[in-house]
Amino acid sequence: MARTAPSARLRPARPDEAAHLTALMLRSKAHWGYDEAFMAACVDELTLHPSEVTRRRTTVAEGEGEGVDGRLLGLVTLEGAPPVGELGLMFVDPGAIGLGVGRLLFEHMRDTASGAGFRKVSWAADPHAVPFYEAMGGRHTGVIPSGSVPGRTLPLMELRL
């Protein structure tokens, strides 16, 4: 039986949701099969503090309808100042991966960045997410050191607006 996309609405995240968003990011990262040691190394980088939620322009996708009403399905941040910004965080709850939530969040980030005068947005991508980002128009431009795991590099992506 095929899974159907949940209905979701986008809204600014609230500082009191930081712990829930941190848990969502860690579940999403773990979805890709990373081991316990790797996940432990990512905790600091994937912790969103209440004081950061607004500053990082955090947007959440919140489920609407039976079974998902009010549930946080994903988040995205748009950081920096025009003309060059950064997609700082983008995560989808494992139960909603592949259902269009990531597309909704990415398109929102892109449109928000464009409307705010950004000409380019760049980000470090998890290797598992590169095909998604390429489908969204992102371009692989190099590598960048991981902020969590010494010696590991991540694909550097960008989107020109």
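Relative to the Cα centre, what is the charge dipole magnitude of segment 7-160, using +1 at the beta carbon of each Lys and Arg, -1 at the beta carbon of each Asp and Glu, and rounding to the nearest 20 debye?
Details: 16 positive and 19 negative charges, 110 e Å.
Using only the charged Cβ atoms, the result is roughly 520 debye.
Apply the Karplus parameterisation 6.51 cos²θ - 1.76 cosθ + 1.60, with θ equal to phi minus 60°, to every residue of segment 45-58 and state each ³J(HN,Hα) to the nearest whole Hz, in sequence, with x for glycine and proline.
Once θ is set to phi - 60°, the couplings for segment 45-58 become 5, 9, 9, 9, 8, x, 5, 9, 4, 6, 4, 8, 6, 7 Hz.
Report the net charge of residues surrounding residue 148, where surrounding means a beta-carbon distance below 15 angstrom and charges are Lys +1, Arg +1, Asp -1, Glu -1. If you can, show how the numbers build up before the last one.
Numbers: positive: 29, 152; negative: 35, 36, 44, 45, 126.
Taking every other residue near residue 148 into account, the sum is -3.
Which ³J(HN,Hα) values, rounded to whole Hz and listed in residue order, are derived for segment 121-129 from phi using the Karplus coefficients 6.51, -1.76 and 1.60 in 6.51 cos²θ - 1.76 cosθ + 1.60 with θ = phi - 60°, glycine and proline given as x?
Computed from phi, the couplings for segment 121-129 are 10, 10, 6, 8, 10, 5, x, 5, 8 Hz.
Going by the alpha-carbon gyration tensor, a ≥ b ≥ c the square roots of its eigenvalues, is the chain rounded (a/c under 1.5) or, if a/c is not under 1.5, prolate (a/b greater than b/c) versus oblate? Could the numbers behind the result be given before it?
Values: a/c = 1.32, a/b = 1.11, b/c = 1.19.
Taking the square roots of the gyration eigenvalues as a ≥ b ≥ c, the chain is rounded.
Convert each backbone phi in segment 26-31 into a coupling constant with the Karplus relation 6.51 cos²θ - 1.76 cosθ + 1.60 (shift: θ = phi - 60°), then list the ³J(HN,Hα) values in order as whole Hz, x for Gly and Pro.
Each residue of segment 26-31 in turn: 5, 5, 5, 5, 5, 3 Hz.
With labels modelled as points extended 7 Å from the Cα through the Cβ direction, what inter-label distance (nm, one decimal) is found for residue 40 paired with residue 7?
Going by the 7 Å Cα→Cβ label model, 4.5 nm.
Positive end of the charge dipole of segment 16-58 (Lys, Arg +1 and Asp, Glu -1 on Cβ, about the Cα centre): tell me which of 54, 18, 32 has its Cα farthest that way.
Of the options given, the answer is 54.
Please figure out what share of the DSSP beta bridges in the chain is antiparallel and state it in percent, rounded to the nearest 5. Walk me through the numbers on the way to the answer.
Values: 29 of 32 bridges.
Restricted to the chain, the bridges split so that about 90 percent are antiparallel.
Would you grab the residues whose amide H sits under 5 Å from the one on residue 93? Only those 5+ places off in sequence or on another chain, please, with H modelled 1.01 Å from N.
Result for residue 93 returns 74.
Using a Förster distance of 25 angstrom, determine the FRET efficiency expected from the C-beta separation of residue 128 and residue 16, and round it to 0.05. Mind dumping the intermediate values first?
Values: r = 30 Å, r/R0 = 1.20.
Plugging the Cβ-Cβ distance into 1/(1 + (r/R0)^6) gives 0.25.
Read the figures in this text as sums done on the coordinates, not as results from a lab. Fair warning: this is a prediction, and the values are worked out from it, not measured in the lab. In this analysis, Cβ positions are derived from the backbone assuming ideal geometry, glycine residues included, and neighbour counts consider all displayed protein chains.
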